[in-house]
Amino acid sequence: MTGAIVLIALSPTVQVDLLHRPDALFPLKNPAIVTLPLSFLVAIVVSLARKEEGAAAKFAEAHRRMHLGEPVPAAATVVEIAVPKAPAEGTGDG
């Protein structure tokens, strides 16, 4: 995001149109064509440089479940909701 803001500030939209300078340091009016691929590249580099501890074990467990068809434990998937029971007939005030 910082790169996009800097490139917008250096673009002709700001430098020429708003500040009335003769030329801009960055030639494109819309820096998205540069910043979008750059952001993807930074995301890939960071994800490859910083390995998450335990990620291999989590992946192996998910891979095993996917191929063996083991169900997820019931406690992890079922949410129990307490529903009040209606009073039995003949026990009410009346």
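Where the second residue is charged (D, E, K, R) and part of a helix (DSSP H, G or I) and the first is at negative phi and lies in the stretch 32-53, which pairs have Cβ atoms under 9 Å and are six or more apart or on separate chains?
Every condition considered, the pairs that remain are 52/58.
Quick grid of which residues meet (1) modelled with pLDDT under 85; (2) of a type in the set (Ser, Thr, Tyr); (3) in contact with a Phe, Trp or Tyr (Cβ under 9 Å, 6 or more places away or on another chain); (4) surrounded by 10 or more Cβ atoms within 10 Å (Cβ to Cβ):
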{"position": "9", "(1), (2), (3), (4)": "no, no, yes, yes"}
{"position": "16", "(1), (2), (3), (4)": "no, no, no, yes"}
{"position": "36", "(1), (2), (3), (4)": "no, no, no, yes"}
{"position": "40", "(1), (2), (3), (4)": "no, no, no, yes"}
{"position": "49", "(1), (2), (3), (4)": "no, no, no, no"}
{"position": "69", "(1), (2), (3), (4)": "yes, no, no, no"}
{"position": "72", "(1), (2), (3), (4)": "yes, no, no, no"}
{"position": "82", "(1), (2), (3), (4)": "yes, no, no, no"}
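The values are calculated or read from the model by the stated rules, or taken from the named source; none is laboratory data. Keep in mind that this is a model prediction, so the values were computed, not measured. Cβ atoms come from the backbone with ideal geometry, glycine included; neighbour counts cover every protein chain shown.
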